[in-house]
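The values are calculated or read from the model by the stated rules, or taken from the named source; none is laboratory data. On a predicted model such as this, the values are computed, not experimentally measured, just so you know. Methodologically, a virtual Cβ is constructed for each residue, glycine included, from the backbone with ideal geometry; neighbour enumeration extends over all protein chains shown. We work out accessible area using only protein heavy atoms, side chains counted, and drop any ligands, DNA or RNA first. Shrake-Rupley method; radii C 1.70, N 1.55, O 1.52, S 1.80 Å.
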Amino acid sequence: MTYREALDALGRCRRLGMKLGLEKMEALAAALGRPQDYLRFIHIAGTNGKGSTAAFCDAALRRRGLKTGLFTSPHLATVRERIRIDGVPISRDDFASGLSEVLAAAQGLPEALREPTFFELLTALALLHFANNGVAWAVWETGLGGRLDSTNLVTPAVSVITNIAADHQEFLGPDLPSIAREKAGILKPGIPAVTAVTAPEALEVIRSVAAEKKARLQEIDQSSPVVDLGPEAGRQHVRIAGHDYRLSLLGAHQARNAACAAAALGLLDLQPPFSHEELAAAFGQIDWPGRFQPLRWNPPLIIDGGHNPDGIAAAVAAWKALCGNRTCHLVYGTLGDKDAATAVRLLTPIAHRVSLVAPASDRALDPSLLAPRFAPLPTTCHPSLAALWPGLESSAEPVLVIGSLVLAGDALRLAGKTEDEEAQLNELLSPSPPSRAHP
């Protein structure tokens, strides 16, 4: 199987849709020899901040000299970036050969289990790739929810729930307690856990599930202050548990993610335990694109993948901390299943004009449906970010590009941060036209 053939196969599976549940995943892993049994895991769930928290954990483990596997989603430019060893995405050859092995294993299953979903295939591929390459620690991010997520076939050394907010209610339930119960499904009997959840009704559920499972729960102090946020070497000075850090990821929400990661790493059975100096050195060198990422400082050109109300609010707070009362040229594009109405309400106060675009996804929301919601701000609609990009790069005004990780990936490709050929190949995974679903 070539890399292109592997992407074709994944694309066909993606069109089958998403099916939550573990029966197929467990059968597939068993057919592959249970590679999860040869790995140690940090399992991370939450509405927002999962990927950043995973990146903090991965960076610290690698700095200690441990071989790490990192499994995250979604991807920005290439599906291969979801599966990394020591920070390096799986190669095209390993992706193709590994996926071929996974697909062959699936064909040997009972007929009802022979069609794994897109995410189940990638989860199995990650397990196989990590086990075959002697990974010591796998930093393991859930895809959706937790209880029925494909990643939940592992028994980790520590579980993390970053936060709980409204998103994917059609799958996880209508309110925060329902969402919290799904995400708390990653908690395992006797396995310690960390959470930065603050919503009282969600935290109560997590505490209850942890108590039922006798999982010692460490709650993160939410008062970790951001001392300064600015362009000095692209760092923000934060204080976590009484210790100073200079984080390479910006925004008060990243201080909370770093605090989650520090607590989780402190619960691992490693000798010697991580020192604050070790963590500070690792946390200051993370490159995690698309998360309030400055492509230019003066004037700011910021790319952020925030897509639900909680993520948008975090980006707005970071913008205000960085730019004060300066407003921006807002470039917004989102997917049809997102709460665009709330995003408009949160973003309008920091904008002086708006450009609406369609992210490069079969689930993109038609920009013309959103234009009336931004009135009376001057608003224009564009078929893609590419039509705007040359003007944004040379603009003399502050720019914020936000609304979807897909859109963040589009921006990074246009900025020359990813390979055009890779992006074109990955279009095989999303061949349909934009959605006209109403926001």
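Among residues other than Arg353 with Cβ under 15 Å from its Cβ, the summed charge is +1 (Lys and Arg +1, Asp and Glu -1). Global size of the stretch 49-192: 15.7, 45 Å for Rg and Dmax (C-alpha atoms, Rg to one decimal, Dmax whole). Scoring 392-404, 28-40, 354-366 by mean Cβ neighbours within 10 Å over their residues and listing the highest first yields 354-366, 392-404, 28-40. Stretching Asp86 away from Asn133 to a fully extended chain increases their span by 15.8 nm, per 0.36 nm per residue minus the current alpha-carbon distance. The amide H of Ala138, built 1.01 Å from its N in the peptide plane, has Arg40, Phe41, Ile42, Gly69 as neighbours under 5 Å, considering only residues 5 or more places off or on other chains. A simple spin-label model places the labels of Glu204 and Glu277 4.6 nm from each other, with each point 7 Å out along Cα-to-Cβ. About the centre of its Cα atoms, the stretch 107-193 shows a dipole size close to 320 debye [charges on the beta carbon of Lys, Arg (+1) and Asp, Glu (-1) only; nearest 20 debye].
How high is the FRET efficiency from Ala211 to Leu109, r the C-beta distance, R0 30 Å, rounded to 0.05? The formula returns an efficiency of 0.20 here. Ordered by 1.4 Å accessible area with all protein chains kept, Arg80, Arg92, Arg216, Arg246 run largest first as Arg216, Arg246, Arg92, Arg80. Residue ranges 307-317, 343-353 sort as 307-317, 343-353 when ordered by packing (mean number of other C-beta atoms within 10 Å per residue, highest first). Note on Arg15/Ser394: beta-carbon distance plugged into 1/(1 + (r/R0)^6) with R0 of 45 Å gives a FRET efficiency of 0.70. Restricting to bridges with both residues inside the chain, how much of the DSSP beta-bridge set is antiparallel, in percent to the nearest 5? The antiparallel fraction comes to roughly 30 percent. A Cβ-based charge dipole, computed about the Cα centre of the stretch 1-101 with Lys and Arg at +1 and Asp and Glu at -1, lands at about 280 debye.
Along the axis of the charge dipole computed for the chain (Cβ charges of +1 for Lys and Arg, -1 for Asp and Glu, origin at the Cα centre), the listed residues Val154, Pro300, Leu113 are led at the positive end by Pro300.
Computed over protein heavy atoms with a 1.4 Å probe, the accessible surface of the stretch 60-185 works out to 34 Å² per residue. Put a dot 7 Å past the Cα of Ala341, heading toward its Cβ, do the same for Glu23, and the two dots end up 3.7 nm apart. Count Lys and Arg as plus one, Asp and Glu as minus one, and take only other residues whose Cβ is under 11 Å from that of His129; the net charge is then +1. Between Val205, Thr68, Val102, the Cα set farthest toward the positive side of the dipole of the chain (charges on each charged residue's Cβ, about the Cα centre) is that of Val205.
The value of relative contact order for the chain, using C-alpha pairs under 8 Å at least six residues apart, is 16 percent. In a simple Cβ point-charge model (Lys, Arg +1; Asp, Glu -1; nothing else charged), the chain has a dipole of about 480 debye relative to its Cα centre. Label-to-label distance, Ala241 versus Lys67, with points set 7 angstrom from Cα along the beta-carbon direction: 2.9 nm.
How much net charge surrounds Val139 when only other residues with a Cβ under 11 Å from its Cβ are counted (Lys, Arg +1; Asp, Glu -1)? After counting each charged neighbour, the total is +2.
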